[in-house]
Amino acid sequence: MVDTLDVFQKAHYGDAVRPNLFYVYVNFPSFIINSGGAFSNREQSKWLVQSASLPGRSIGVMEIPFIGLKTKYAGNTIYPDWAASFLQDVNFQLNNAFEGWLEYIESPVAGIRANDLTYKTSVEIIQLDGRQNVIKNYVLIGAFPNDKADIPLSQDANDEPQIFEITFSYDYYVTSVSL
């Protein structure tokens with residue numbers, strides 16, 4: 001049988017997954033939402049996310065020597081940090097929310113560190129199809145920002161929006177899996 005375009009299209013259900021069809025929901029801790037600032041909910045992260053990725057994971061490897069050979073066994077799962085870029089809103093509300101979160105985790109001014117786990121929360125990454133239906137959902141559990149990258153300023157960046165990047169650490173993720 002000769003493969004044809006029709007066979008190819010039917011095998012892929014007539015559409016392809018597109019990397020620009022996604023949402024990211026940062027579920028901010030209650031101390032950020034209740035802080036009295038203008039920032040009020042996770043919707044801003046949904047609309048202001050510029051780029052992100054689906055999270056990765058790898059399994060460590062244990063090597064055990066045996067008569068000059070090494071046999072390999074699965075080790076612990078490793079969840080690398082995850083990053084997302086956000087558009088700067090004109091009032092810096094989302095940026096300020098992240099800075100407040102980082103300040104809560106460790107305040108260089110007060111010299112104190114959060115002594116509870118209320119700074120940990122979840123982040124949802126949702127992949128959509130062309131009809132805006134959810135086709136894959138990742139939830140980062142125990143997530144918190146560990147890095148807010150510097151924001152470049154330039155006289156040459158005339159027709160570009162300002163973007164800032166946040167890197168998160170997290171304990172693990174869960175996902176919707178369809179077999």
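Among residues of the stretch 90-118 that are farther than 16 Å from PHE28 by Cα, none has a beta-carbon under 6 Å from a residue that is modelled with pLDDT of 85 or more and among the aliphatic types (A, V, I, L, M) at least six positions away or on a different chain.
Selection of first residues in the stretch 53-65 that are on the phi > 0 side of the Ramachandran plot and of second residues that are of a type outside the set (D, E, K, R) and assigned to a strand (DSSP E or B), restricted to Cβ pairs under 8 Å at least 6 apart or on distinct chains, gives an empty result. Take the conditions (1) under 20 Å from the mean Cα position of the chain (by Cα); (2) loosely packed, with under 11 Cβ neighbours inside 10 Å; (3) not small (Gly, Ala, Ser); GLN93 misses just one of them, which is (2). Got at least one residue in the stretch 167-176 being out of contact with any helix residue (DSSP H, G or I) (no Cβ under 9 Å at 6 or more places or on another chain), part of a strand (DSSP E or B), farther than 21 Å from PRO29 by Cβ and of a type in the set (Ser, Thr, Tyr)? For the stretch 167-176, residues out of contact with any helix residue (DSSP H, G or I) (no Cβ under 9 Å at 6 or more places or on another chain), part of a strand (DSSP E or B), farther than 21 Å from PRO29 by Cβ and of a type in the set (Ser, Thr, Tyr): present.
Here ASN133, ASN146 are screened, and the one residue that is within 20 Å of the chain's Cα centre (by Cα) and more than 20 Å from SER85 (Cα to Cα) is ASN133.
The residues of the stretch 71-89 that are hydroxyl-bearing (Ser, Thr, Tyr), without any contact (Cβ under 8 Å) to a residue 40 or more places away in the chain and under 18 Å from ARG57 (Cβ atoms) amount to a single one, TYR73. Here the helices (runs of 4 or more DSSP H) wholly within the stretch 1-120 that include at least 3 residues being modelled with pLDDT of 90 or more are 93-105. Return a yes/no flag: does the stretch 151-166 have any residue that is surrounded by fewer than 14 Cβ atoms within 10 Å (Cβ to Cβ), within 20 Å of PRO55 (Cβ to Cβ) and free of Cβ contacts under 8 Å to residues at least 40 places away in the same chain. The answer is no, given that none of the residues of the stretch 151-166 is surrounded by fewer than 14 Cβ atoms within 10 Å (Cβ to Cβ), within 20 Å of PRO55 (Cβ to Cβ) and free of Cβ contacts under 8 Å to residues at least 40 places away in the same chain.
The values are calculated or read from the model by the stated rules, or taken from the named source; none is laboratory data. Because the structure is a prediction, the values reported are computed rather than measured. No Cβ is skipped: glycine too gets one built from the backbone with ideal geometry, and neighbour counts run over all protein chains shown.
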